[in-house]
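**Q** First, the structure itself, so that you have it in front of you.
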Amino acid sequence: MYPHHREREQPIFSARAHVFQIDPNTKRNWIPASKHAVTVSFFYDANRNVYRIISVGGTKAIINCTVTPSMTFTKTSQKFGQWADSRANTVYGLGFATEQQLHQFSDKFKEVKDAARLAREKSQDKELANTALTIAAPQFSQDLSDELQSPPVMCVNGPEDKLFRSQSADITLSSEKERIKKMLSEGSICEMNLEAELFTLQDSNSKLVAALHEANANVEQWKKQLAAYQEETERLRDQVAELEAHGGHGPSDLLKDELTQSLEELEALLKAKDEEIHILQSKKSEYHEMEHERDEAIHRLRETEMRNSELERRIQNSEQNLNNTLEDRDRMDSEIQRAIEILDIKIFDLNDLRQSLVKLIDK
């Protein structure tokens, strides 16, 4: 089935990125779906008028997502973005090498989503046009029956104070739940951003370590070449000095010029090697700066984890307070109901006493 679909589909955009999926257990941490950066492509199926995002790592499909109008691509950092796939019940994350690549992918995602929305609206308009006459009358009768069968508004004869207190308690509980959800979502987003930033720093750190090892190996090789060049330079200088001591002319002058030119070339080569060594030494300082930034990112991540644990503790306390409030409200409702029943009995007794007094007066 997959090759058959690939024959009907045409690629419209591709980018290189590290692919992640959200942890299905915690819904917070990212799980790498690929060891290295892979190609993530948008495909268009002209027969079905469908857009898909596909990424293949090795022999398996890492991403196989159909783009729908309800999807949204969110940039959580300068080089990281994510979107949710409700059909696969997961969230995909992409880490790009540059900020420009992230912007290009985000723009293409929005363009494809708008195209999918237009395609769905056209198909829906076509279906509505074909079935408008057949569903118009049943829909009208259904609306009329729903209107006739809708339950009437009930009037409660009882203390209005009970109703007002119940409504105010519901509003308070709803606002408390929304506040708790907002706190939890902010903590999760902050943690995801720091994890994405840490991943970027680790990737840059690994590249700098590899470059540093290669540079160290090249430095050793260049030192050996430099020593050999220095020996050759000394030998050529000795030959030039020997020729100058003999004071010869003719062919010796030509040989002297050639030796002088070779000496200048070797000196220029030595100067270039010295500059490369200085550049490598400056890269070492950049590597130390990257290590410092990585340590700071790890420190921020730990602080975020501590804040998340504090938020979880506060959420548990809020849930406990919420349960206590619900229990208190239920107990208050039962007491009010019991008071209403006692008042009804008292009212009945007073009414009976009134009737008895009226009978006595009539007599």
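The values are calculated or read from the model by the stated rules, or taken from the named source; none is laboratory data. Since this is a predicted model, take the numbers as computed values, not measurements. Reconstructed Cβ throughout: ideal geometry from the backbone, glycine too, with neighbour counts over all protein chains shown. Note: areas computed on protein heavy atoms with side chains; ligands, DNA, RNA excluded. Shrake-Rupley method; radii C 1.70, N 1.55, O 1.52, S 1.80 Å.
**Q** Residue separation times 0.36 nm, minus the C-alpha to C-alpha distance between Lys271 and Glu99: what's the value?
**A** Working: separation 172, 0.36 × 172 = 61.92 nm, distance 3.71 nm.
Gain in length upon complete extension: 58.2 nm.
**Q** A further question on this structure: Would you mind telling me the share, in percent, of accessible area of region 1-80 contributed by carbon and sulfur at probe 1.4 angstrom? Present the calculation step by step, with values, prior to reporting the outcome.
**A** On the way: 2320 of 4500 Å².
Carbon and sulfur atoms account for 52 percent of the accessible area of region 1-80.
**Q** Considering only DSSP states other than H, G, I, E and B, which trypsin sites (Lys or Arg not before Pro) in region 50-129 qualify as loop sites with at most 14 other Cβ atoms within 10 Å?
**A** Details: sites: Arg52, Lys60, Lys75, Lys79, Arg87, Lys108, Lys110, Lys113, Arg117, Arg120, Lys122, Lys126; in loops: Lys79, Arg87.
Answer by residue number: Arg87.
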